[in-house]
Amino acid sequence: MTDAISPLSPTPSSSNSVVANSPARVLIASLIGTTIEFFDFYVYATAAVIVFPKLFFPASDPTSATLQSFATFSIAFFARPIGAMIFGHFGDRIGRKATLVAALMTMGFSTVVIGLLPGYDSIGILAPLLLALCRLGQGLGLGGEWGGAVLLATENAPEGKRTWYAMFPQLGAPIGFILSAGLFLILRESMPDADFLNYGWRIPFLISLALVAIGLYVRLKITETPEFRRAIEKEERVSVPIAVIFRSHLRSLILGTIIAVATFVLFYLMTAFTLSWGTRPLTAVPPGLGFSQGQFLVVQLVGVVFFGLTIPLSGLLSDRYSRRLVLILTTIGILIFGLYYSTLLTAGLAGAFACSIIGLALMGFTYGPIGAALAAPFPTAVRYTGASMTFNLGGIVGASLAPYIATWLASNYGLVYVGYYLALAAALSLIGILLSGNDEV
């Protein structure tokens, strides 16, 4: 093929000469990396609601400060496709293992630096600029992490279990969220406000250093995936994977991006926006729901437990029936949930729990099969780039501005329009699924 690399490129003598990864090693390596990456990502999302508006932006009304904080939050989503192209290129050229190690280090370094940054009162406008730069680094790292972790799992999976294996890196999302939100809850409830704002919020960011060290140790113990080794031996690698994606697989890229939109909108409404609006004072203009930060973090943690439980269930159902069927039914469920979102969320503490549980359970059902679904249409030689680009472009469309748009809608038109926004995203994703064939998801 015209895009193939030179036969002089190094190849292993035989795929049989490499010791195969055990299932346990593969699944742990794919899970631990995404757990760390999502821990880092959600630590920022939580701090963007309860810390950064107070420390990194000039004094202003609470809504403006929150919107500015959410603007830096969105930077990572625009960086993720760039990370997908960079890390995807090397993941398809030199291998999944080395690229996953580099992505983890990029994410971890950026997170630790955030924990060391001085605030606006100390260095002025430089504080939010440095925060934005570190957020950019987080986005680049996660852009390269997700696709590689999914491929590490699926390219080692036995026949008929691809979605089950691909579900394991997806479990990193709820586990990372539980660790980050739980740690913030403990710190928030165990120290005075002044101490928490002075140094307590930094602890989760600095802990990331130890987690990254563990992740690197596990990742360095794995060997390259069998499918990538075969691609090397058959000289199937291409010189510029992203060019092949746009030339030969553009339809899969576009449809996959559309399919992922509802997943992203749902999650970031249920986490970043709902935490922000739920803890907004009743005396604010417009009024929020008036929950304490501790109360609402508990509400979200309960919901995330259901998120974690439905991910493996969706993996089992997808392998038994089909990923496409599970995604269709779940997306219809998300659309219906959007229509009742505001009714549930404003029905007191019980309603908030119900909203969190239903919304995040639906998130598990869509998130479980989405990894295998987005990777399926792409051949091995460009799969890292294709899957990563699809997932992260979906992040731009569905998640980058979701908290910002939802805050604007709720402030100007009321919470019911936030639900309509979610229902519209679900309708768009449903169209994408229906337009795709069984072999494309």
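The values are calculated or read from the model by the stated rules, or taken from the named source; none is laboratory data. The structure presented is a predicted model; accordingly, all values stated were derived computationally and were not measured. Cβ atoms come from the backbone with ideal geometry, glycine included; neighbour counts cover every protein chain shown.
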Complete set of residues in segment 304-335 that are without any contact (Cβ under 8 Å) to a residue 60 or more places away in the chain and of a type outside the set (D, E, K, R) = PHE306, LEU309, THR310, LEU313, LEU317, TYR321, LEU325, VAL326, LEU329, THR330, GLY333
How many of the residues making up segment 94-125 are more than 25 Å from TYR199 (Cβ to Cβ) and either modelled with pLDDT of 90 or more or within 18 Å of the chain's Cα centre (by Cα) (or both)?
-> 8
Enumeration of residues in segment 315-349 that are of a type in the set (S, T, N, Q), at pLDDT 95 or above and within 23 Å of the chain's Cα centre (by Cα) = THR330, THR331
For GLY200, the lone unmet condition from (1) crowded, with 18+ Cβ neighbours inside 10 Å; (2) of a type outside the set (Val, Ile, Thr); (3) closer than 26 Å to PHE77 by Cβ is (3)
From the residues in segment 212-246 that are assigned to a loop (DSSP other than H, G, I, E, B) and basic (Lys, Arg), which one is farthest from ASP92 (Cα to Cα)?
-> LYS221
Pairs with Cβ under 8 Å, 6+ apart, first in segment 386-413 and within 19 Å of ARG251 (Cβ to Cβ), second of a type in the set (Phe, Trp, Tyr) and surrounded by fewer than 24 Cβ atoms within 10 Å (Cβ to Cβ) = ILE396/PHE78
Single residue of LEU179, LEU187, LEU206 found to be touching a helix residue (DSSP H, G or I) at 6+ places or on another chain (Cβ under 9 Å) and surrounded by fewer than 17 Cβ atoms within 10 Å (Cβ to Cβ) | LEU206
Taking THR223, is it surrounded by 23 or more Cβ atoms within 10 Å (Cβ to Cβ) and of a type in the set (Val, Ile, Thr)?
-> no
Does GLN138 satisfy the criteria of being of a type in the set (S, T, N, Q) and under 21 Å from ALA71 (Cα atoms)?
-> yes
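Do the conditions hold for TYR341, that is, is it of a type in the set (Phe, Trp, Tyr), closer than 27 Å to THR99 by Cα, in contact (Cβ under 8 Å) with a residue 40 or more places away in the chain and assigned to a helix (DSSP H, G or I)?
Criteria not met by TYR341.
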So which helices (runs of 4 or more DSSP H) stay within segment 106-201 end to end and still have 2 or more residues that are small (Gly, Ala, Ser)?
-> 126-154, 162-190
